[in-house]
Amino acid sequence: MIRDPFERVAIFGAGLLMTAFFVAIVIGAFGLGIRVPTCVTDIPPFDQPAVVEVAPGQYVVNVVAQMWLFNPREIRIPAGSTVTFNLTSKDVQHGFKILNTNVNMMAVPGVVNRAQARFDQPGEYLIVCHEYCGLGHHAMSAKVIVEPRVAGEPSPNLARAFASAATCWAR
Ligand code: CUA
């Protein structure tokens, strides 16, 4: 039994407030059609993470981080390429650090983070998750594989320079 009148007011007030919040949610969801934002990973380009060549020597990689892997796991590009990384997460926060480059980002669900790097030296660049994300955190990695340029093939930077020069001359 409630004796204190203030207690009665507090309980009644709290009940009223909760009812008001509930009614607001129901009106928002069904009356006004307000929806929470859907996951970024359900829509292009993140529904199919991949490496995309956008121009000679220019790549865009759409990366999805999830427990406990990165998709794509292997990013293969020729030496001298400039790569833009678009990064998001499917579940919790992850880290995205590419060793020996200045790429160091967080993969945040619902958000896309972006960084760019140029890979002139052939070799393998390890990508590690450096934000604790659970049991498999220590094993969460991927790599950028920079393949040596075939002899005789012009470097993408040279090709780019020629292409822009040609556009200038054509004007
Ligand atoms: Cu993902 Cu740690």
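I'd like to verify a number: residues in segment 54-70 that are open to solvent by 40 Å² or more (accessible area, probe 1.4 Å), away from the ligand (no atom under 12 Å from the Cβ), in contact (Cβ under 8 Å) with a residue 40 or more places away in the chain and part of a strand (DSSP E or B), how many?
1
Only residues that are in contact (Cβ under 8 Å) with a residue 40 or more places away in the chain and either in a loop (DSSP other than H, G, I, E, B) or touching a Ser or Thr at 6+ places or on another chain (Cβ under 8 Å) (or both): list them for segment 114-141, please.
Within segment 114-141, Phe119, Asp120, Gln121, Pro122, Ile127, Cys129, Cys133, Gly134, Leu135, Gly136, Met140 qualify.
For segment 85-135, what are the residues that are β-branched (Val, Ile, Thr), farther than 21 Å from Thr41 by Cα and open to solvent by 20 Å² or more (accessible area, probe 1.4 Å)?
Selection gives Thr101 alone.
For Phe96, only one of the following conditions fails: (1) within 16 Å of the ligand (Cβ to nearest atom); (2) closer than 13 Å to Val128 by Cα; (3) not in a strand (DSSP E or B). What is its number?
(3)
Looking at Arg35, Arg76, can you tell me which residue is part of a strand (DSSP E or B) and of a type in the set (Lys, Arg)?
From the options Arg35, Arg76, the qualifying one is Arg76.
The values are calculated or read from the model by the stated rules, or taken from the named source; none is laboratory data. In this text the structure is predicted, and so the values were computed from the model without any measurement. Here the Cβ is made from the backbone with ideal geometry for all residues, glycine too, and neighbour counts use every protein chain on show. Only protein heavy atoms, including side chains, enter the accessible area calculation; ligands, DNA and RNA are left aside. Shrake-Rupley method; radii C 1.70, N 1.55, O 1.52, S 1.80 Å.
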